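Working notes for the structure below.
Since every read-out is calculated from the coordinates, none of them should be taken as a lab result. The model shown is predicted, which means the values in this text are computed figures rather than measured ones. Here the Cβ positions follow ideal geometry from the backbone for every residue, glycine too, while neighbour counts run over all protein chains shown.
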Amino acid sequence: MQLKDPIALIEGLFSPRRVEKGSLIFSEGNICSAIPFLKEGLLKVYLISESGRELTLYKVLPGQMCIFAMLTAYSGGEYPAYTKAEEDCYVSMIPSEIAIKWFEENRWWRSLFMTVLSEKFLGIMYTLDSMISESIKDRLINYLLSSHGKDFVIEKTHEEIAKDIGSVRVVVSRVLKELEKEGLISLQREKLFIKDYESLKRQADKARH
């Protein structure tokens, strides 16, 4: 079956429901009875180590499903991570049996899943590679360059940034203060401002060579 607008079909069959910021959708070990498909907002998929340290694996963006949920439902296993709403979200919950049937019978769903899977898998590989080969400062600079919003502002606490790059808050705070002393960023309460984007980019480019 081919569809001109598969997203409209999903939202028509499974009305998006509001999920408040900070709400957990899945925890490690859950059985996935439904696959989250995001209409609005942002979902974070992450691991928690035995010491309590978080590592962000990937983000689910509007128009995407959670690939771990789909893989878990298809395999019949347990969910391997945690999924939390980073913002207030609207999410369609597609029953697992329907999502599996779509995957087996409909090219549009397979194509959408494989597109999201490819993107997230490559992102996870990049994260692992950067953790092995890059310093905390290099990882942090690359994060700042890729995560800023309008007017070069990043509305994140030091703790949240540390979780996103697989570090700890005290180290991230120290490196951010170094970047502030260099005149590259300005630290404010629960957010920061990139003052010199081009200099940050030059440092990132230099680190790659």
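Dividing the alpha-carbon radius of gyration of the chain by 2.2 N^0.38 Å (N being the number of residues), what value is obtained? Mind dumping the intermediate values first?
On the way: Rg = 18.8 Å, N = 209, 2.2 N^0.38 = 16.8 Å.
My calculation over the Cα atoms of the chain gives 1.12.
Run the dipole for the chain about the Cα centre, Lys and Arg Cβ at +1, Asp and Glu Cβ at -1, nothing else charged, and hand back the magnitude in debye, nearest 20.
Dipole size: approximately 340 debye.
Could you check the simple spin-label distance between residue 51 and residue 110, using points 7 Å along Cα→Cβ, in nm with one decimal?
4.4
I want to check the label-to-label distance for residue 87 and residue 207. Put each point 7 Å from Cα in the C-beta direction and report it in nm to one decimal.
That separation, rounded to one decimal, is 2.6 nm.
Evaluate E = 1/(1 + (r/R0)^6) for residue 168 and residue 101, where r is the Cβ-Cβ distance and R0 equals 45 Å; express this FRET efficiency to the nearest 0.05. Spell out each step's value before the answer.
Working: r = 44 Å, r/R0 = 0.97.
Efficiency at R0 = 45 Å is approximately 0.55.
Among all the lysines, which ones have a C-alpha under 28 Å from residue 21's C-alpha, if same-chain residues fewer than 8 places away are not counted?
Partners found: 39, 44, 59, 84, 120, 150, 156, 163, 191.
Calculate, in nm to one decimal, what residue 197 and residue 128 gain on full extension: separation in residues at 0.36 nm each, minus their alpha carbon distance.
22.3 nm
Relative to the present Cα-Cα distance, how much length would full extension add between residue 5 and residue 74 at 0.36 nm per residue of separation? List each step's numbers first, then the result.
On the way: separation 69, 0.36 × 69 = 24.84 nm, distance 2.41 nm.
So the extension gain works out to 22.4 nm.
So how strong a dipole does region 102-209 carry about its Cα centre when Lys and Arg Cβ are +1 and Asp and Glu Cβ are -1, to the nearest 20 debye?
Using Cβ point charges on Lys, Arg, Asp and Glu, region 102-209 gives about 220 debye.
Taking the Cα centre of region 6-127 as origin, sum charge times position over the Cβ atoms of Lys and Arg (+1) and Asp and Glu (-1), and report the length of that vector in debye to the nearest 20.
180
Starting with the highest mean, order 74-87, 31-44 by the number of other Cβ atoms within 10 Å, averaged over the residues of each peptide.
On the way: 74-87: 16.4, 31-44: 19.8.
Per-residue Cβ counts within 10 Å, averaged per peptide and sorted highest first, yield 31-44, 74-87.
Charges on Cβ only, +1 for Lys and Arg, -1 for Asp and Glu, centred on the Cα centroid of region 1-91; of 36, 46, 6, which one is farthest towards the dipole's positive end?
So the residue we want is 6.
Gain in length, residue 181 to residue 24, computed as 0.36 nm per residue apart minus the alpha-carbon separation, to one decimal in nm?
Between residue 181 and residue 24, full extension yields 52.8 nm more.
Would you work out the relative contact order for the chain, in percent, from Cα pairs under 8 angstrom that are 6 or more residues apart?
21
May I ask what percent, to the nearest 5, of DSSP beta bridges between residues of the chain are antiparallel?
Numbers: 28 of 28 bridges.
Looking only at bridges with both residues in the chain, the antiparallel portion is about 100 percent.
Specify the inter-centroid distance of region 117-174 and region 178-209, based on alpha-carbon positions, in whole Å.
Taking the Cα centre of each part, region 117-174 and region 178-209 sit 13 Å apart.
Starting at the first residue of region 38-54, write each ³J(HN,Hα) from the Karplus equation 6.51 cos²θ - 1.76 cosθ + 1.60 with θ = phi - 60°, in whole Hz, x for Gly and Pro.
Karplus-based 3J(HN,Hα) across region 38-54 equals 8, 8, 9, x, 8, 10, 10, 10, 8, 10, 10, 6, 4, 7, x, 7, 9 Hz.
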